[in-house]
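One structure is given here, and the rest of the page talks about it.
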Amino acid sequence: MTQEGDKLYVDAGTPRAALIDRDRTVQCPTLGEAVMEWHRLPADRKAAATIRVIGKVYTADQIDRMHYGSKKAAADED
């Protein structure tokens, strides 16, 4: 289970994401869609898969810690 400080806050609506799974690339309209594709992978393939968005590549560890929204919004709910 992730600690609150371990969460990686991202915008699920970030456009033009790509899931890179070995030699296969799945183009997705948004980061949120790419994360859903990543969750569908078998565990052994998740570990090596990455997600690329404009200017950023997320590793499996980062993808697993993703939460949608901002840190400020999460703090306001407490």
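Taken together, the values in this text are just the output of simple stated rules run on the coordinates, not laboratory data. Predicted, not measured: the structure shown is a model, and the values here were computed from it.
Key figures for this structure:
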{"item": "Cα gyration tensor shape for the stretch 1-65, rounded if a/c is under 1.5, else prolate or oblate", "result": "oblate"}
{"item": "Span from the the stretch 53-69 Cα centroid across to the the stretch 27-49 one, whole angstrom", "result": "10"}
